[in-house]
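One structure is given here, and the rest of the page talks about it.
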Amino acid sequence: MIEIKGLHKGFDGTPILKGIDAVFEPTITSLIIGQSGSGKTVFLKTMLGLHQPDSGIISFNGKSTADMSINEKRQLKQDIGMVFQGSALFDSLTVEENVMFPLKMFTKQSKEEMLERVNFVLNRVNLVNSNKKFPAELSGGMQKRVAIARAIVTKPKYLFCDEPNSGLDPRTAIVIDNLIQEITDEYKITTVINTHDMNSVMEIGEKIIFLKDGYKEWEGNSNDIFKTDNEAVVNFVYSSNLFKKVRKLYQDE
Ligand SMILES: Nc1ncnc2c1ncn2[C@@H]1O[C@H](COP(=O)(O)OP(=O)(O)OP(=O)(O)O)[C@@H](O)[C@H]1O
Ligand SMILES: [Mg+2]
């Protein structure tokens, strides 16, 4: 479980995150949504420890990151998997080498053990017979699968994904969303996904946190989001013409 209390983060005197409280639980895929610039990536990076918070508490499994020893911080790094915006694979490494990379960095496993684990996760994301290919030889959806395989290869307790389905066609995006949700449930991972994709919200929105200008404006699930009167949420949800039309159809009924 991840608990966030009163989190503030700014840059050069400009506040970006303005006192966020949130709880993320194991086996649940939590979504952080909000318009471009609302602070989603800064929030994720601050939780990851890539940005130092100005104030507030970030705790993993009941332990505040501020109180962690160097060893505990090192352990936490191993417990976290990440899927960055745009996959961020190493272009000069093959699929197999990309996925093996965290194992080489964090474990002392033999080549055979590592390879076994790499093949297991590649199989889990339905990517077989691509071990020796380079990222440039793969489709966008396949690259995301490699990124997910790499993120889960060390059996993380926590999985952070920043716009994991950006640049994919809607159908492939849903396949990737569902894959992340299945893996989260299967391995009891605490997963946090940044997205501004309403399809993701409808498909896997078990828990949704809506950020607006660095505040947590609203929290709920994919059913609540279509019923809320919160003006900011309504504007966000119905910013797509498709949803506007669907809403009108329901209102006309
Ligand atoms: N390293 C940084 N230094 C200064 N300002 C930053 C830094 N990173 C982000 N910001 C600012 O913080 C604000 C929030 O940015 P952030 O990237 O978190 O938005 P976002 O919600 O992820 O948007 P998008 O949907 O476009 O990815 C922006 O105004 C951005 O300019
Ligand atoms: Mg972002």
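The values are calculated or read from the model by the stated rules, or taken from the named source; none is laboratory data. Computed from a prediction, not measured in an experiment: that's the story for all the values here. All Cβ positions, glycine included, derive from the backbone under ideal geometry; neighbour counts span all protein chains shown. Keep in mind that these areas ignore ligands, DNA and RNA; they rest on the heavy atoms of the full protein, side chains included. Shrake-Rupley method; radii C 1.70, N 1.55, O 1.52, S 1.80 Å.
Can you give the Rg to Rh ratio for segment 168-253, taking only C-alpha atoms and Rh from Kirkwood?
Rg/Rh: 0.99.
Please give me the summed charge of the neighbours of residue 222: other residues whose Cβ is under 10 Å from its Cβ, Lys and Arg +1, Asp and Glu -1.
Cβ neighbours under 10 Å give a net charge of -2.
Over all Cα pairs of the chain, how is the pair count split among 10 Å bins, expressed in % and running from 0 up to the last occupied bin?
With a bin width of 10 Å, the distribution comes to 7, 30, 34, 22, 7, 1, 0.
Measure off 7 Å from each Cα along the Cα-to-Cβ vector at residue 166 and residue 75, then give the distance between these two points in nanometres to one decimal.
3.4
Around residue 85, what is the net charge, scoring Lys/Arg as +1 and Asp/Glu as -1 over all other residues with Cβ under 9 Å from its Cβ?
-2
Just in segment 189-238: which trypsin sites (Lys or Arg not before Pro) are loop by DSSP and have at most 15 other Cβ atoms within 10 Å?
Here the trypsin sites (Lys or Arg not before Pro) that fit, given the DSSP loop and packing criteria, are 227.
Where the centroid of each part is defined by its Cα atoms, how far is segment 158-222 from segment 46-75 in Å?
Distance between centres, Cα-based: 23 Å.
Starting from the Cα-Cα distance between residue 227 and residue 215, subtract it from 0.36 nm times their residue separation and give me the gain in nm to one decimal.
Gain in length upon complete extension: 2.2 nm.
Applying a 10 Å radius around every beta-carbon, put 52-65, 89-102, 29-42 in order of their mean neighbour count, most first.
Highest-to-lowest ranking by the protection proxy: 29-42, 89-102, 52-65.
Subtract the Cα-Cα distance of residue 187 and residue 12 from 0.36 nm times their separation in residues, and report this length gain in nm to one decimal.
Computed gain between residue 187 and residue 12 is 59.0 nm.
Quick one: with all protein chains in place, what share of the accessible area of segment 11-89 is carbon or sulfur, to the nearest percent (1.4 Å probe)?
49
For an R0 of 51 angstrom, estimate the FRET efficiency from the Cβ-Cβ distance between residue 253 and residue 112 and round to the nearest 0.05.
Working from the Cβ atoms, E equals 0.25.
With a Förster radius of 25 Å, plug the Cβ-Cβ distance of residue 23 and residue 54 into 1/(1 + (r/R0)^6) and report the FRET value to the nearest 0.05.
0.75
So for segment 62-212, Kirkwood radius off the Cα pairs, Stokes-Einstein at 10 °C and 1.306 mPa s: how many µm² s⁻¹?
99
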